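Engineer: Attaching a single structure in structure tokens format; questions to follow.
Every number here is computed from the coordinates shown, using simple stated rules; none is lab data. Predicted, not measured: the structure shown is a model, and the values here were computed from it. Cβ placement follows ideal geometry from the backbone for every residue including glycine, while neighbour counts extend to all protein chains displayed.
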Amino acid sequence: MTDTSTFPAAAPRDLRTLLQDDPGRFGRFSRHLGDMLLDLSKCAVSSEDLAALIAHARDKRIEARRDAMFAGRPINESENRAVLHVALRGRIEDGYKDAAGRPVGDEVEGVLKAMTAFAEGVRTGAVAASDGRPFTDVVNIGIGGSDLGPAMATLALAPYHDGPRLHYVSNVDSAHIADTLKELDPARTLFIVASKTFTTIETMTNAGTARAWIAGSLGESAVGAHFCAVSTALDKVAAFGIEESRAFGFWDWVGGRYSLWSAIGLPIMIAVGPANFRAMLAGAREMDRHFADAPLETNLPVLLGLVGWWHRAVRGYPTRAVIPYDQRLARLPAYLQQLDMESNGKSVDTEGRPVSVSGPVVWGEPGTNGQHAFFQLLHQGTDVVPVEFIVGARSHEPSLQAHQDLLLANCLAQSEALMKGRTVEEAKTQLLDAGRSEEDAARIAPFRAFAGNKPSITILYRLLDPATLGRLVALYEHRVFVEAQLFGINAFDQWGVELGKELASQLVPLVAGEGDDGAKDASTRGLLQAIKTMRTTP
Ligand SMILES: O=P(O)(O)OC[C@H]1O[C@](O)(CO)[C@@H](O)[C@@H]1O
């Protein structure tokens, strides 16, 4: 556990008392960026604690590290790379430069223009199928950062979707591609093969299957018209047989989980159009400027990061729940799992020394659905799980206003219930008021009591439009950055995914019944044997 002796009140505080004693607390603990509001008033942090946290951020040189990122310095030390996803949503006049000091704005704009021409072509039918008809369906084949961001954003921006239908295939499980292709007409389907490295086995396997599907039904000569690609490895794209004019590049300074703003966003652009895609970039840029320029005291990503770190490192809460009360953000928790856990799930610091604590487990589902599933544990379980509520004041369905009112009421009710709780005495009084006997009320009341004092954060915005989505995602990206500095780790590598990949390639022949499993442990050998038996027994 982190040394908390520098904090004035490492001892737990009572949230109810903090709110009761300070009628101005909401004003002091909520911050805006335009019409996006971050409310931290239901976290058990006093003004004194917050001041100590901000001082701690200064001690950890958050500002210098942030400036180094924006300046394109190689802050991803283990891979010696710059971290410049902010340049993807910048303007040329922002003057972003890579680690070698070369301006990147023109190149970024060049790829955006090429994507725009292609996306417009697909949307209008100028980029057509092999028989000259427009595409009705687009399938993005990618995984991790080459899937989660575009899939999350396509759903989030459904009200703006006026292009062809979009589908996402990520899993190497044959079910995923088989179930997707089953619904599609090869003659009207375009595939985007999205992979930063163009070596990821799941993506290359799915791409090969899609290629065979097109060649098998339309002939080998149709393949070119039905494929395009997004990658940093354009030589490998060419080797796959996709021509240069249909390959959209990006750069090694864009991490996979930070790539939705790059050409990896091509499916989003095809779905909602270049203007809406640019609006999403502009929203993210607004958050970037705020993160770069606002004082720490009013800086949304800094405050969100500080409180997240406080919950994890000082309070020791192992998980946090992200609950969007916005059905179209249903994929946001999965997206944030990669963003946060692949970034901050580390066990050594930037010098390679062990750390005692790093990022929490991130999980979630949309509200109100979660209320009827796992909220029981959030309210009455023995672990404290800080909850992040994300909700819009308005919906895209003004004729269904009653739904939005109910949604918002439920969202506010949950954060209030987590904070307030209900004492045994209160529960008993309610039961007596409802006509239960003294004996019954005393027996039942403990089951109906809630501890309360459970922290939550609310992010409220006006409406989930492209700019708001951009601001929201950039807020979380920078929050992960802030927490990484506080943990002292590198958020931009992901060596932890390698071992499983290496072992999987060793296991492929063994699963297929070839080779010697003698070097494997007894459990793995037992499972291999059981697979063999199940495959050979009728
Ligand atoms: O875009 P690629 O190179 O196929 O990688 C997909 C994903 O795989 C990972 O490298 C993890 O295995 C992620 O970081 C990345 O987003």
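Engineer: Taking the Cα centre of the chain as the origin and placing charges on Cβ (Lys, Arg +1; Asp, Glu -1), which of F248, A441, G352 is farthest toward the positive end of the dipole?
Structural biologist: A441
Engineer: Tell me, what HN-Hα J-couplings in whole Hz come from the Karplus equation 6.51 cos²θ - 1.76 cosθ + 1.60 at θ = phi - 60° for each residue of region 211-218, using x for Gly and Pro?
Structural biologist: Per residue, the Karplus-derived 3J(HN,Hα) values read 4, 5, 5, 5, 4, x, 9, 10 Hz.
Engineer: Place a label point 7 angstrom from the Cα of D185 along the Cα-to-Cβ direction, then list the residues of region 95-127 whose backbone nitrogen is under 16 Å away.
Structural biologist: Hits in region 95-127 for D185 at 16 Å: 125.
Engineer: Also, quick follow-up: Counting pairs of alpha carbon atoms under 8 Å apart in space and at least six apart in sequence, what relative contact order in percent does region 303-436 give?
Structural biologist: 29
Engineer: If you don't mind, there's one more thing I want to ask. Would you please put 374-385, 146-157 in order of how densely packed they are, using the mean number of other Cβ atoms within 10 angstrom per residue and starting with the highest?
Structural biologist: On the way: 374-385: 15.0, 146-157: 25.6.
Per-residue Cβ counts within 10 Å, averaged per peptide and sorted highest first, yield 146-157, 374-385.
Engineer: Report, by chain and number, residues whose modeled amide H sits under 5 Å from the one on R81, excluding near sequence neighbours (fewer than 5 apart, same chain).
Structural biologist: So R81 has HN proximity to N76.
Engineer: What is the order of K182, K196, fewest Cβ neighbours within 10 Å to most?
Structural biologist: Details: K182 7, K196 24.
So the ranking, lowest neighbour count to highest, is K182, K196.
Engineer: With a/c under 1.5 counting as rounded, go ahead and sort region 330-448 into rounded, prolate or oblate using the C-alpha gyration tensor (a ≥ b ≥ c being the square roots of the eigenvalues; past the cut-off, prolate if a/b is larger than b/c, else oblate).
Structural biologist: Taking the square roots of the gyration eigenvalues as a ≥ b ≥ c, region 330-448 is oblate.
Engineer: Here's a follow-up. When a/c is below 1.5 the answer is rounded, else prolate if a/b is larger than b/c, else oblate, so apply that to region 131-256 with a ≥ b ≥ c taken from the square roots of the Cα gyration tensor eigenvalues.
Structural biologist: Judged from the Cα gyration tensor, region 131-256 comes out rounded (a/c under 1.5).
Engineer: Classify region 251-408: rounded, prolate or oblate, from the alpha-carbon gyration tensor (a ≥ b ≥ c, eigenvalue square roots; a/c under 1.5 rounded; otherwise prolate if a/b is larger than b/c)?
Structural biologist: Cα axes put region 251-408 in the oblate bin.
Engineer: Quickly work out the A292-to-K532 label distance, labels modelled 7 Å from Cα along the C-beta direction, and quote it in nm with one decimal.
Structural biologist: If labels sit at K532 and A292, their model points lie 6.0 nm apart.
Engineer: Could you state the number of Å between the C-alpha centres of region 462-501 and region 390-419?
Structural biologist: Measuring centre to centre over Cα atoms gives 26 Å.
Engineer: Oh, and also: Let me check against my output: what whole-number percent is the relative contact order of the chain, with C-alpha pairs under 8 Å and at least 6 apart?
Structural biologist: 18
Engineer: Just grab the label-to-label distance for Q506 and Q380, each label 7 Å out from Cα along the Cβ direction, in nm (one decimal).
Structural biologist: Modelled inter-label distance: 4.8 nm.
Engineer: Return the distance in nm (one decimal) between the two label points of a simple spin-label model at A178 and R13, each offset 7 Å from Cα along Cα→Cβ.
Structural biologist: Distance between the two pseudo-spin positions: 5.7 nm.
Engineer: While we're on this one: Calculated from DSSP H runs of 4 or more alone, at -39500 (n - 2.57) each and per residue, what is the 222 nm mean residue ellipticity of the chain, nearest 500? List each step's numbers first, then the result.
Structural biologist: Values: 21 runs with 236 residues, N = 538.
Helix contribution divided over all residues of the chain: -13500 deg cm²/dmol.
Engineer: Could you compute the FRET efficiency for A215 and D59, with r as their C-beta to C-beta distance and R0 at 56 Å, rounded to 0.05?
Structural biologist: Once rounded, the FRET efficiency stands at 0.40.
Engineer: Local charge sum around I323 (other residues, Cβ-Cβ under 11 Å, Lys/Arg +1, Asp/Glu -1)?
Structural biologist: Spelling it out: positives minus negatives among the neighbours equals -2.
Engineer: Please work out how much length the chain gains when fully extended from R422 to I92, using 0.36 nm per residue of separation minus the C-alpha to C-alpha distance, in nm with one decimal. Intermediate values should be presented prior to the final figure.
Structural biologist: Details: separation 330, 0.36 × 330 = 118.80 nm, distance 5.52 nm.
Additional length available on full extension: 113.3 nm.
Engineer: Oh, and also: Once the cut-off is 19 Å, how many percent of the Cα-Cα pairs in region 50-116 end up in the long-distance tail?
Structural biologist: The answer is 44 percent, as a whole percent.
Engineer: Considering only the other residues whose Cβ falls under 11 Å of the Cβ of P164, what net charge follows from Lys and Arg at +1 and Asp and Glu at -1?
Structural biologist: +1
Engineer: Another question, if that's okay. Grab the alpha carbons of region 466-508, take their convex hull, and tell me the volume per residue in Å³.
Structural biologist: 87
Engineer: With loop defined by DSSP as not H, G, I, E or B, and exposure as at most 15 other Cβ atoms within 10 Å, which is the longest segment of the chain clear of exposed GluC sites (Glu not before Pro)?
Structural biologist: Longest site-free region, per DSSP loop and neighbour criteria: 1-182.
Engineer: Now for a different question. Short version: ³J(HN,Hα) in whole Hz for each residue of region 339-348, in order, from phi by Karplus 6.51 cos²θ - 1.76 cosθ + 1.60 (θ = phi - 60°), x for Gly and Pro, what are they?
Structural biologist: 3, 7, 7, 6, 7, 10, x, 10, 10, 10
Engineer: Follow-up. For A126, what is the net charge nearby, where nearby means another residue's Cβ is under 14 Å from its Cβ and Lys, Arg count +1, Asp, Glu -1?
Structural biologist: That sum, taken over residues with Cβ under 14 Å, equals +2.
Engineer: In addition: Have a look at Q430, L406, N490 and report the one farthest towards the positive end of the charge dipole of region 385-523, computed about the Cα centre with Cβ charges (Lys/Arg +1, Asp/Glu -1).
Structural biologist: Checking the options against the dipole of region 385-523, the answer is Q430.
Engineer: Given the Cα atoms of the chain, and with Rh set as the inverse mean 1/r over their pairs in the Kirkwood sense, what is Rg to Rh to two decimals?
Structural biologist: Rounded to two decimals, Rg over Rh is 1.00.
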